[in-house]
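Worksheet for the structure shown next.
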Amino acid sequence: MTRADVITWIAARRPPAPPTLVEPMTRGLVDSRASLPEHLASAGHALLERVLGHPAGGRELALDLLAADALVTYAFEAQAEIDAGGLVHVAEHVAGRRA
């Protein structure tokens, strides 16, 4: 899935993502062979790792944390649209335990 495809999918969600979150949600996206749910889960996991890597961080990390949450939520939403049976795989992917 390309970065552009993921951005297009995010833009099509209703209700739309708050504009303030779109930049941190899409900043780290790259073209990948991963499925949409895996792509979103990886991006959410990466943002969460960034936040966790700054334990003394404050408000400057708030948007990254909210964007990570949104990406993980979207990963589950995308997987549920494809096949709800794969939700455990997405959870493992988010947790960093890719199968």
Report summary line: Flagged in the stretch 83-99 as surrounded by 13 or more Cβ atoms within 10 Å (Cβ to Cβ) and in a helix (DSSP H, G or I), in numbering order, are G86, L87, H89, V90, A91, E92, H93, V94
Query raised in the report: In the stretch 13-45, how many residues are in a loop (DSSP other than H, G, I, E, B) and surrounded by fewer than 20 Cβ atoms within 10 Å (Cβ to Cβ)?
Result: 14
Requested in this report: Select from the stretch 25-41 the residues that are under 9 Å from the mean Cα position of the chain (by Cα) and not hydrophobic (A, V, I, L, M, F, W, C) and write down the one among them that is nearest to T73 (Cα to Cα).
Outcome: P37
Query raised in the report: So L61 fits all but one of (1) free of Cβ contacts under 8 Å to residues at least 40 places away in the same chain; (2) within 15 Å of the chain's Cα centre (by Cα); (3) in a helix (DSSP H, G or I); what number is the exception?
Result: (2)
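Each reported figure results from applying straightforward, stated rules to the coordinates on display, with no laboratory input. Everything numeric here is computed off the predicted structure, so don't read it as measured data. Please note: Cβ atoms are built from the backbone with ideal geometry, for glycine as well, and neighbour counts cover all protein chains shown.
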